[in-house]
Amino acid sequence: MATEALWSNKLRSGLTMLGIIIGITAVIAITSIGQGVQKSTEQQLQGLGSDIIQVFAGAARSGNVRQGSGSATTLTWDDALAIQKQVLSAKAVSAYLQQTAQVTYEKQNTSTTIIGTDVNYPEVRNTRVQEGRFFTQEEIDSAKPVAILGPTVRDELLGMQSNAVGANIRIQGKSYEVIGVMESKGAQGPFNIDEQIYIPLTNMSDRLVGNNALAGIAIRGIYVKVNSQDQLEGAQFQITNLLRVRHDIYPPQVDDFRLSNQVDIINTLSNVVGLFTVMVVAIAGISLVVGGIGIANIMLVSVVERTREIGIRKAVGATNAAILNQFLTEALAIATAGGGVGIGLGIAIAACAAMIFQFPFVVSPLSIIIGFGLSILVGLFAGVMPARNAAKLDPITALRSD
């Protein structure tokens, strides 16, 4: 009887379900997309190594304004070499400089990030050259003008799938011979490492930056690859103490460098994405409340419209419980159907988003269970009051109703 009553008013029943459908769709889709983006970013960061410690140079100050990390020349290449020699858990260490520069090849022109680094960079950053080779220690010692292109830069300057090795590009007007192309790694958050160009650290220091510290070649930061992820905390402690001694920093003086690792970045990202997902799901929950109010309103109207029907049923022996169950069943049927449609739409939207934006498709069974459970609860609570009103109707009064 509940099904027949809903089917006889298909448009009204469909509109009543709409609030539930929108709420459940939003909960499932947003939860799935958030988890997919989180997993994709974690995979990318882990692809660069989850056993990496980054040491950043200190921040310069202009008046009372603190500039970004790496803006001061507080780290030197000798610091990196000292870490390699004295920190026992350090498997490989790579120093680097970083600067945005204009790069040209024939008539092509682009602005991109230049990374000056050493021979340990591929091992430390878990990457390799897919075409040509990386530069050698001899080329670093002689500050030779050679360059390795990221695949995106290669495509922009020389054309897609072109043979870049042997080409001569100009970085800030200075000529460099291309000796290799790095493998594609894609975007890492807001940065795309495929858009970078790599040159010897000594060459960049001499020709592009020209910004050396008194104690040697100034660098932007240091990558430290440890033997295992379990040794990250111990390595950070050793590196911190070593640099404090080398830089004559003693309590209560503030460190002129900063350390972070990929695990911290992944955990921070997970927390941010998790909080954002919870916030948006909470907002989507408002749709469920609105949907519940819609169900309650429609069921109250239905009770008024069907007063004579209720009177006839009571007159032929229907109990208050039977009337209560009928209207409660109608409310639950609307909520259940809306929840089912919402779950299907949410999964479909999440799958489309994963396919379009190229991140893993993740659907949590827990989110489906919670979404469906919420729809049932909304239907239950929204149907109780109209069902009780229907059950309490006096049969004589109900029969006299127009």
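The values are calculated or read from the model by the stated rules, or taken from the named source; none is laboratory data. Worth saying up front: this structure is predicted, and the values here are computed from it rather than measured. FYI the Cβ positions are ideal-geometry reconstructions off the backbone, even for glycines, and counts take in every protein chain you see. Side chains are part of the model used for accessible areas, which takes the heavy atoms of the whole protein and leaves out ligands, DNA and RNA. Shrake-Rupley method; radii C 1.70, N 1.55, O 1.52, S 1.80 Å.
Things to note:
- Meets criteria (modelled with pLDDT of 90 or more and either over 23 Å from ALA29 (Cα atoms) or open to solvent by 100 Å² or more (accessible area, probe 1.4 Å) (or both)) for LEU243: yes
- Selection within region 91-115 - open to solvent by less than 40 Å² (accessible area, probe 1.4 Å) and touching a helix residue (DSSP H, G or I) at 6+ places or on another chain (Cβ under 6 Å): ALA92, VAL93, SER94, ALA95, LEU97, THR110, THR112
- Just one of the numbered conditions (1) over 30 Å from GLN229 (Cα atoms); (2) basic (Lys, Arg); (3) open to solvent by 40 Å² or more (accessible area, probe 1.4 Å) is not true of ARG154: (3).
- Verdict on THR113 being among the hydroxyl-bearing types (Ser, Thr, Tyr) and assigned to a strand (DSSP E or B): yes
- Filter result (modelled with pLDDT of 95 or more, closer than 11 Å to GLU131 by Cβ and over 32 Å from the mean Cα position of the chain (by Cα)) within region 144-180: VAL178, ILE179
- Members of region 340-368 that are surrounded by 13 or more Cβ atoms within 10 Å (Cβ to Cβ) and of a type in the set (Phe, Trp, Tyr): PHE359, PHE361
- Criterion (surrounded by 15 or more Cβ atoms within 10 Å (Cβ to Cβ), modelled with pLDDT of 85 or more and touching a Leu at 6+ places or on another chain (Cβ under 9 Å)) met by exactly one of ALA391, ALA337: ALA337
The rows are residues; the columns are (1) free of Cβ contacts under 8 Å to residues at least 12 places away in the same chain; (2) among the charged types (D, E, K, R); (3) part of a helix (DSSP H, G or I); (4) closer than 14 Å to ILE53 by Cα.
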residue: TYR223; (1), (2), (3), (4): no, no, no, yes
residue: GLY234; (1), (2), (3), (4): no, no, yes, yes
residue: VAL245; (1), (2), (3), (4): yes, no, yes, no
residue: VAL254; (1), (2), (3), (4): yes, no, no, no
residue: LEU259; (1), (2), (3), (4): no, no, no, yes
residue: ILE266; (1), (2), (3), (4): no, no, yes, yes
residue: SER270; (1), (2), (3), (4): no, no, yes, no
residue: GLY274; (1), (2), (3), (4): no, no, yes, no
residue: VAL281; (1), (2), (3), (4): no, no, yes, no
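- Taking first residues from region 336-359 that are closer than 18 Å to THR41 by Cα and partners that are hydroxyl-bearing (Ser, Thr, Tyr), the Cβ contacts under 7 Å between residues at least 6 apart in sequence or on separate chains come to ALA350/SER32; PHE359/SER40.
- Scanning region 281-321 for residues being more than 41 Å from the chain's Cα centre (by Cα), open to solvent by 30 Å² or more (accessible area, probe 1.4 Å) and among the hydroxyl-bearing types (Ser, Thr, Tyr) gives a total of 1.
- Yes/no for ASP118 being acidic (Asp, Glu), in contact with a Leu (Cβ under 9 Å, 6 or more places away or on another chain) and surrounded by 15 or more Cβ atoms within 10 Å (Cβ to Cβ): yes
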